[in-house]
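Structure, as structure tokens:
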Amino acid sequence: MKVHQLYRKQTLNLSLEQAWQFFSSPFFLNQITPDFFHVEILSAVPEDIYAGLMISYQMKAVGGLPMAWLSEVSHCQTHQYFIYQQREGPFKFWSHEVRLTPAAEGVIIEDIVFYTMPWLIIGEWLHSLLIGKRLQQIFDTRSRYLEQRWGLSVASST
């Protein structure tokens, strides 16, 4: 089983409070992702997220086919970070940490994603053929949107 990682870091010109309100809300997902990735939130989501919160989605990320995704906010420290993990969905494992750090220029936003593919060799083949590129597109679109909205100071990815 291969563990894949995505890492993104941006410094944005907004306050820590603004960053938390934006990034901790799933209601902005369609704004920060490409057109092919459409998310519909199916469950009630409170104004403030918390550890243990479950969120049910339907996504259309591959060929417009609907996919169910259930995520849990597994860890949450207000204004610092949150981690959501897939409980049901297309990946064998998915964990996405969003970390916010105050900086002189605004706020440093870090996305740290670990995931594994289902179906062993077939899953890895699909990852190399399509899924890996799609995930890069999603995070590239997110980065461009954030740059346009709040001005980018520093960007890096691996």
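Can you work out which of the residues in segment 1-59 that are touching a strand residue (DSSP E or B) at 6+ places or on another chain (Cβ under 8 Å) and among the charged types (D, E, K, R) is surrounded by the fewest Cβ atoms within 10 Å (Cβ to Cβ)? Top of the filtered list is LYS2. Do the conditions hold for ARG149, that is, is it more than 13 Å from the chain's Cα centre (by Cα) and basic (Lys, Arg)? Judged against the criteria, ARG149 is a match.
Within segment 82-127, the set of residues being at positive phi, out of contact with any Ser or Thr (no Cβ under 7 Å at 6 or more places or on another chain) and not hydrophobic (A, V, I, L, M, F, W, C) comprises just one member, GLY89.
When ILE109, ILE121 are checked against the criterion of being touching a Lys or Arg at 6+ places or on another chain (Cβ under 8 Å) and of a type in the set (A, V, I, L, M, F, W, C), a single residue qualifies: ILE109. Within segment 41-80, the set of residues being in contact with a Phe, Trp or Tyr (Cβ under 6 Å, 6 or more places away or on another chain) and on the phi > 0 side of the Ramachandran plot comprises just one member, HIS79.
Set side by side, the residues ILE121, ILE108 differ, and just one is among the hydrophobic types (A, V, I, L, M, F, W, C) and without any contact (Cβ under 8 Å) to a residue 12 or more places away in the chain, which is ILE121.
Note on segment 24-55: among residues that are of a type in the set (Gly, Ala, Ser) and free of Cβ contacts under 8 Å to residues at least 40 places away in the same chain, the one that is nearest to ARG142 (Cα to Cα) is SER25. Scanning segment 77-107 for residues that are within 20 Å of GLN5 (Cβ to Cβ) and of a type in the set (Gly, Ala, Ser), we see that the one that is farthest from the chain's Cα centre (by Cα) is GLY89. Candidates are the residues of segment 93-124 that are assigned to a loop (DSSP other than H, G, I, E, B) and touching a Phe, Trp or Tyr at 6+ places or on another chain (Cβ under 8 Å); the one that is surrounded by the most Cβ atoms within 10 Å (Cβ to Cβ) is MET117. Counting only residues that are buried (at least 17 other Cβ atoms within 10 Å of the Cβ), in contact with a Lys or Arg (Cβ under 9 Å, 6 or more places away or on another chain) and within 10 Å of MET54 (Cβ to Cβ), segment 67-88 holds 1 of them.
Computed from the coordinates by the stated procedures, all read-outs in this text should not be read as laboratory data. Bear in mind the structure is a predicted one, so any value in this text is a computation, not a measurement. Quick reminder, even Gly has a Cβ in these numbers, built from the backbone with ideal geometry, and neighbours come from all protein chains shown.
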